[in-house]
1. Given the criteria surrounded by fewer than 11 Cβ atoms within 10 Å (Cβ to Cβ) and not assigned by TED's automatic domain parsing to the domain that holds B:Ile151, does B:Arg208 qualify?
2. Name every residue in region B:165-199 that is in contact (Cβ under 8 Å) with a residue 24 or more places away in the chain and farther than 30 Å from B:Leu217 by Cα, in order of residue number.
3. Quick one: which of A:Ser78, A:Ser49 is within 9 Å of chain B (Cβ to nearest Cβ) and surrounded by fewer than 17 Cβ atoms within 10 Å (Cβ to Cβ)?
4. Report those strands (runs of 3 or more DSSP E) wholly inside region B:460-525 carrying at least 2 residues which are on the phi < 0 side of the Ramachandran plot and charged (D, E, K, R).
5. Within region B:142-163, track down each residue that is touching a residue at least 24 places away in the same chain (Cβ under 8 Å), surrounded by fewer than 17 Cβ atoms within 10 Å (Cβ to Cβ) and at the interface with another protein chain (Cβ under 9 Å from one of its Cβ atoms).
6. I'd like to verify a number: residues in region B:450-496 that are within 17 Å of the chain's Cα centre (by Cα) and among the basic types (Lys, Arg), how many?
7. If you take the residues in region B:374-411 that are among the acidic types (Asp, Glu) and within 16 Å of B:Asp254 (Cβ to Cβ), which one is surrounded by the most Cβ atoms within 10 Å (Cβ to Cβ)?
8. Consider region B:247-265. How many of its residues are more than 10 Å from every other protein chain (Cβ to nearest Cβ), within 17 Å of the chain's Cα centre (by Cα) and β-branched (Val, Ile, Thr)?
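The values are calculated or read from the model by the stated rules, or taken from the named source; none is laboratory data. Bear in mind the structure is a predicted one, so any value in this text is a computation, not a measurement. Here the Cβ positions follow ideal geometry from the backbone for every residue, glycine too, while neighbour counts run over all protein chains shown.
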Amino acid sequence: MKHNVFFSLPGALLVASLIVLYSQSVVLCESPDQLVVIVNRNFKVDSLSVAEVRRIFKKEITVYKGVAVRPIHAPSGSPLRNQFLSQVMGMSSTAEEKYWEEAKVKKGVSPPIQLSNTVRAVFAAPGAISYCYRKEFNPTVAKIILSL
Amino acid sequence: MNKRNTIWHFSILAVLSATLAFTTSAVAQDSDADAVAPEPTLTAVSQRLATQDEIIAELQTKLQQLEDASATRDEKTEALEEQNKSIRAELDVAKQERDDLQFQVVSNMEKNAERLSLSGFMDFNFMQTIPQTDDSVVYAGTPLRHNSFLINNINLYFTSNVSGMLSTLVEVRFTFSPLGNNLSLPAVVYTNGQEPARIGEYSRVSTRVTEPLGRTLDLGGIYIERAHFDITPRDWFQIRLGRYLTPYGIWNEDHAPTVTLTGVMPWLQVLQYVPTAQTGVMIYGQIYPSDSIVLQYAVTLSNGRNPTESFYDMDDNKAIGTRAKLTFSKNDFELALGGYGYFGKYTDWTQEIKVYMTQQYGLDPNYDPPLRTRDVITEEYNELIGAADLEVKYKGIRLAGEFVWRKIDYKTPPESPFLQPLFLSNDPNVTTYEGDTIARSGYGLLSYTLPLKLESTTITPFVGIDMFAPDDATDYDTWITAQLGVNVKPGAYVTLKGTGYVLRPKSDFYGGLFSGYALQMAVSF
């Protein structure tokens, strides 16, 4: 009779480990403090990569699929903004300030606007893209295009 | 009954039980005491019972009072909870209104900024060039003979986002030029060391005017660095119309002293082997084949290079250029490699009116029309330019370099520069003309941003080498510059630079080595 891995002790341990890992990953993904990137519900985009979001917030990408995108930042110095800079932009707030100084001089480009209630701002502005904590997300006013 | 009432009742019962227990114990103790005492009488027991009844009645009264108080508290608590809910609801409404207002305010600010945004930068310098000999010919035409304070750039940006896909940018530079520019330099020619012959006269631009009220002013100038519309239907296809910075190299687009590393401009920028800016159309864009790769391109069509190109063209030939740039970035590593090719025709001419007349000073009817114009081409050449740039960044290390190659084929060559025949051992009194040339220039800068744990200050020492050779036919005019300096940024908007440099001309005609320094403070606003 062929040995069935799922009924052996190592098999059982493996299955148990997988269940634990899966449950942990589900917990992590659904953490209320998890950062999510959100867009206006009318924005015909379902998902973006981290690199695309980074380019939009650097204003390297200004038009996405024919729509003028409008990045909206959380207030400078806020924990939300700092988390976004770290996880998506890969830069510190000081480095971000220098980036915009250079962009202004080279291309005449200004940094994105900043608002405290990013969810509401995304709801109100067509083409808007921003971010918030999952616990603050409201599916009736915006949609998630990237979970971090 | 709610939880709080239950707790109250239990508390009261506990107090009551304790009191009863104490009383019972006291009674027991009394009984023990009475064990040795005579048996109590019925009257005494009755008195005790009456006392107990009083105690119980008193406790019941207290219990009733506590229950009444508890009920009052419950009512108050419920009222407070109601009030709390109401305040919370008002707070939510107020927060929502605040967010709406904030959004409106910021949107209006953004709209105003989109309509017109003003920014800029300015620098302040202290610099000097010091040749080995006091009478070096390099001093001819340079204002940096003496150490001098100098404001070189006062640039203002006017930007506007007319709509999501249409924007404008105007960059204007205010300058004290042309005040003090040398117009012509005389030459005092010694033949065999004797009998000097003076050729030409010295003249310098003066912009000094006296106002009607008597105050004397030195007028400055305004230079339009760039002024263009940008139409952005897609990121990979954008159109720029107007006067734009030529999309080549690194320095040309950085160009602001708050961004550039060193205070000494590279030779290829000074000599403008590639036109710094062009007037015409540019199609450009970028695509992203992967998360770590960006491909950028640009095609330029412009008036090209001629004495009036920023305003109008002097021939029908348009200059065409193409730019391609690849950027690869992963974690702390970034590599950017770019190239630009340009082909254009330079034309300069004068005009004259041709008049066909009869001997009686009337217009000659044999010529129709008798009044005509004629263009006299004074200089004409085709130029082919190739430029390459490389930038590598890893953590704090940055290596940046550019190289330009420029080939000129004359159709109508101009006269040679004033002193050139002397270098060629020709007679200065014989007019010579420029020949076809290939010019080259390139520079490299290596820098390292120190890993200091400072809040927002960066300190970046750098070394660099720079060269130019304007003519491959004659190698006497090849120059090499070595520089060493430090760039300090106390914040994003302020840059301090100190640069020392040494120049070595290949020819001994210039009197050996030169050294110099440039201290610069630049601020953007």
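1. Yes: the conditions hold for B:Arg208.
2. Just the residues of region B:165-199 that are in contact (Cβ under 8 Å) with a residue 24 or more places away in the chain, to begin with: B:165-182, B:185, B:187, B:189, B:199.
Correct list: B:Met165, B:Leu166, B:Ser167, B:Thr168, B:Leu169, B:Ala187, B:Val189, B:Ile199.
3. Result: A:Ser49 is the single residue among A:Ser78, A:Ser49 that is within 9 Å of chain B (Cβ to nearest Cβ) and surrounded by fewer than 17 Cβ atoms within 10 Å (Cβ to Cβ).
4. Result: B:494-505.
5. B:Phe158
6. 1
7. Going residue by residue through region B:374-411, those that are among the acidic types (Asp, Glu) are B:375, B:379-380, B:383, B:389, B:391, B:402, B:409.
Remaining after also requiring within 16 Å of B:Asp254 (Cβ to Cβ): B:389, B:391, B:402.
Working: B:Asp389: 21, B:Glu391: 19, B:Glu402: 26.
Checked region B:374-411; the qualifying residue surrounded by the most Cβ atoms within 10 Å (Cβ to Cβ) is B:Glu402.
8. Qualifying residue count for the region: 2.
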